[in-house]
1. Non-local amide H neighbours of residue 382 (under 5 Å, H modeled in plane, Pro and chain starts lacking H): which ones?
2. Sorted by average packing, counted as other Cβ atoms within 10 angstrom per residue and highest first, what order do 167-179, 280-292 take?
3. Give me a comma-separated list of calculated 3J(HN,Hα) values for segment 169-182, in order, Karplus coefficients 6.51, -1.76, 1.60 applied at θ = phi - 60°, integers in Hz, x for any Gly or Pro.
4. With θ taken as phi - 60° and the coefficients 6.51, -1.76 and 1.60, list the Karplus ³J(HN,Hα) couplings across segment 292-307 in order, rounded to whole Hz; mark glycine and proline as x.
5. Could you sort the peptides 318-329, 405-416 by per-residue average Cβ neighbour count (10 Å cutoff), highest mean leading?
6. Would you calculate the separation in nanometres between label points at residue 282 and residue 402, each defined as 7 Å from the Cα along the Cα-to-beta-carbon direction?
7. For a paramagnetic label modelled at 7 Å from the Cα of residue 273 toward its Cβ, which residues of segment 198-226 fall within the zone defined by backbone nitrogen distances under 19 Å?
8. First measure r as the distance between the Cβ atoms of residue 365 and residue 152, then evaluate 1/(1 + (r/R0)^6) with R0 = 41 Å and state the FRET efficiency to the nearest 0.05.
Amino acid sequence: MLISDFLCAIVVSGFVSPLTEKVELRENIKQRKKCGNMEYETNNWIWDGMYNHPHVFGGLMLTAALLGLSTSYFGGITVPQLPYLWPDSGIFHKKKCEKKRIRVYMDGCFDLMHYGHANALRQAKALGDELVVGVVSDEEIIANKGPPVLSMEERLVLVSGLKWVDEVIPKAPYEITEQFMSRLFNEHKIDYIIHGDDPCLLPDGTDAYALAKKAGRYKQIKRTEGVSSTDIVGRILSSLRDTNGGEDQNKTSMHKTPESQPKSAHLSQFLPTSRRIVQFSNGKGPGPNARVVYIDGAFDLFHAGHVEILKNARQLGDFLLVGIHNDETVSEHRGHHPIMHLHERSLSVLGCRYVDEVIIGAPWEVTMDMVTTFNISLVVHGTVSEYNSLFTGGSDPYSVPKSMGIFKLLESPKNITTTSVSQRIIANHDAYMKRNAKKAESEKKYYAQKTYVSGD
């Protein structure tokens, strides 16, 4: 091709491109820019330049041609390659289109927070990129379900402490109303509203999520089997009956009837699987020079006090290892069995954002072998403890770390204990018996109509 022909083509394309060619070029570029769900737009900044600045682009091409022509006569003149200059000129801009982050919303009472709640929120997070959680107000819970056991503040601490939660909306309504749904979509930029496959009915029998379903912005997850707040209340009431021989402190009969509590309410129906543990686990170990902090306990009926002490312990190092005592150890040193069994307690602790790893069935005493095996730098224990010295045999489980100078007593941020939470239920025995009777009936209906739901 002659130089004159090449220059002519450059001039025509750069300065006097017909409108039809410009339209074709624009369509060509649009095709290159289409990215759908891909995480990028075009990286071909030359095509962007040709469309957005055709005259400038043509001028640069003409200059390049002239310089190339001149070097054929005046050898030895080095011309910088234009592709290295153009991106820095500010004329052409690379355009990246980040994938839209999907924001999902899930609400709940989250009273007596358990691993079932945690697993529901884990599943909800898997349906999007950011999880916003609404915590229903005390007033709404009382109106729709009965009195809550935990305060709003305690429930907020528990929800915020879960590793899958990005944002929390306090005092959310029990029902997804038109007004609140508009707030979710416009103010919080929510894409989808999530709930489990179990029905959530209002006192009048209508679906609390009817509007979200009608709007086409509803997604469903699978309910976690074997646990519910109703079930836990039943276990607490049953344990009291077993301890006091069927009577409470006021000598009121606590005989469990089919109408008041589900059958075998004091027994866990949870079937632990290795897959569930993997889903809750971080899957990462400490780095070679990490400061590993160890704390142990029963962590029964996981509550706000547990979350706060774990948060404080995590701040003392790079990796928090939590030892969870087995059911026999808890019974031996407390004088009664834990309300939640070992695997249930392990999942509750694993779901906490401040925990990196757990030892399922940790020994009562922290031994030298444990310290060496897990490269523990610091052993901590809270000032609030439920272990009864009458049952411990007088032995100090922390004698080894104390002798090594790696033990620290942490001031417990809250005075909440498993026993104090249980006593709230016992003190309002009649109210919770009535609440459980109502919930037990709805759960019985759910299981009678239950069908297989895919998911995990």
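The values are calculated or read from the model by the stated rules, or taken from the named source; none is laboratory data. Just so you know, these numbers come straight off a predicted model, no measurement behind them. Every residue, glycine as well, gets a Cβ built from its backbone with ideal geometry; the counts of neighbours run over all protein chains shown. SASA here: full protein model, heavy atoms, side chains in, ligands and nucleic acids out. Shrake-Rupley method; radii C 1.70, N 1.55, O 1.52, S 1.80 Å.
1. So residue 382 has HN proximity to 410.
2. Values: 167-179: 16.5, 280-292: 13.2.
Going by the mean number of other Cβ atoms within 10 Å, highest first, we get 167-179, 280-292.
3. 10, x, 6, 6, x, 6, 9, 7, 7, 4, 5, 5, 5, 4
4. 8, 9, 10, 9, 10, x, 7, 6, 7, 6, 2, 9, 4, x, 5, 4
5. Ranked from most to least packed, the peptides come out as 318-329, 405-416.
6. Label-label distance for residue 282 and residue 402, simple model: 2.9 nm.
7. Under cut-off, by backbone N: 198, 220-226.
8. With R0 = 41 Å, the Cβ-Cβ based efficiency is 0.55.
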